[in-house]
Amino acid sequence: MEQNSNKGMIAMILGIVAIVLSLIADFAPLGFINLALVFIALAVGIVAIVMGVKGRKEGGNTGMATAGLITGIIAVVFAGISCVCVICTVACASAIIGGVSQGISQSDLNELSNLLQ
């Protein structure tokens, strides 16, 4: 294989891996590991975009390079959305834990539960 087609193939593989990592971070209940997966997916997606652009500029197999570029862009978008969701989830969880540690009584929780129903 030529070096040019390798860049396109590497970009496509990295883009697919980044999409899978960001989806795992979205749907797997792994706690704080999700945040690490999101940042890894973001980094891998950016590398896929760079490799896709380089593969397209150098010629060779531009189809795989284009696929790598597109999957890299999709992965960065998914990872960005995932990052916002994970940060919001962590913030909500810490607020709940902080509220419980400050002495919310059982009657307050029952009242809140009745209001939500």
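The values are calculated or read from the model by the stated rules, or taken from the named source; none is laboratory data. Keep in mind that what you see is a predicted model, and the values were worked out from it rather than measured. Ideal geometry is used to build each Cβ from the backbone, glycine not excepted, and the neighbour counts take in all protein chains shown. Ligands, DNA and RNA are stripped out before the accessible areas are found, and what is left, the full protein with its side chains, is counted by its heavy atoms. Shrake-Rupley method; radii C 1.70, N 1.55, O 1.52, S 1.80 Å.
Taking all protein chains in place and a 1.4 Å probe, what share, in percent, of the accessible surface of the chain do carbon and sulfur account for?
Details: 5290 of 7210 Å².
So the carbon and sulfur contribution to the accessible surface is 73 percent.
Quote the accessible area belonging to Phe78 in square angstrom, nearest 10, computed with a 1.4 Å probe and with ligands, DNA and RNA left uncounted.
Around 80 Å² of this residue is reachable by solvent.
Can you compute the helix-only [θ] at 222 nm over the chain? Use -39500 (n - 2.57) per DSSP H run of at least 4 residues, normalise by all residues, nearest 500 deg cm²/dmol.
Helix-only estimate at 222 nm: -31000 deg cm²/dmol.
Tell me the accessible surface of Asp108 in square angstrom (1.4 angstrom probe, heavy atoms of protein chains only), to the nearest ten.
Roll a 1.4 Å probe over it and Asp108 shows about 80 Å².
Give me the accessible area per residue for the chain, probe 1.4 Å, as a whole number in Å². Could you put the intermediate results ahead of the total?
On the way: 7210 Å² over 117 residues.
For the chain, the solvent-accessible area averages 62 Å² per residue.
Order these peptides, 87-94, 57-64, by their mean beta-carbon neighbour count within 10 angstrom, highest first.
The most tightly packed comes first, giving 57-64, 87-94.
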